[in-house]
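J.: Please see the structure below; I have some questions.
What follows is calculated from the coordinates using simple rules that are stated; it is not laboratory data. Nothing here was measured: the structure is a model prediction, and the numbers come from that model. Cβ: placed from backbone, ideal geometry, glycine included. Neighbour counts: every protein chain shown.
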Amino acid sequence: MTIKRSRAELFSYLGAPLKNVQWSWGAVRDTDGSVFLVVWQDENLRRGARSYSLVHNQEFWGDTRDRHGLNERRRHLDRVRQGAKTYLIMALAERPRTADAPRRIKELNTDEIFAAGELYEDETGNVWIERVARVPLGDVRVTQ
């Protein structure tokens, strides 16, 4: 049975509360250092047999924009590069990406998340993360 949760509720359920409900798109679980990242369902890349999700859109963010959410995402990606166990939460957008409008979440997949693997930076500076396996949400939750 699917239980609908807000982004903040989902991250709290996973034991990794968001730092800020406005600009956080990921969090770190203190108990084990696992990183949880929200990614868009429609921003995908195939490289051979591997599937990737976009975790940094260079065209949208660039190198110089100093935003709280972007700075936090960079810190999370640094943890991923250092080998932190990482999971991806799929978000369905209300509408496709446009250059001048931020996206809004229509719905989150609250049944399962993806275990993540390696990062890949393409020639444009976009950063992608490998989707390794689907994992039931309850299997990732840490109970007290």
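J.: Suppose the chain between Thr31 and Val142 were pulled fully straight at 0.36 nm per residue; how much longer would it get relative to their current alpha carbon spacing?
T.: Gain in length upon complete extension: 39.1 nm.
J.: If I stretch the segment between Arg81 and Leu119 completely, what's the gain in nm (0.36 nm per residue apart, minus their alpha carbon distance), one decimal?
T.: 12.9 nm is the gain from fully extending Arg81 to Leu119.
J.: How charged is the neighbourhood of Ala91? Take every other residue with its Cβ under 11 Å from the Cβ of Ala91, and add Lys/Arg as +1 and Asp/Glu as -1.
T.: 0
J.: Follow-up. Which residue, Arg29, Arg103, Arg73, has the most motion in a Gaussian network model of the chain that connects Cα atoms within less than 10 Å?
T.: Arg103
J.: When a/c reaches 1.5 or more, the comparison of a/b and b/c decides; with that in mind, is region 7-140 rounded, prolate or oblate per its Cα gyration tensor?
T.: In terms of gyration-tensor shape, rounded.
J.: I need the peptides 76-83, 123-130 ranked by packing, meaning the mean over residues of other C-beta atoms within 10 angstrom, with the highest value on top.
T.: 123-130, 76-83
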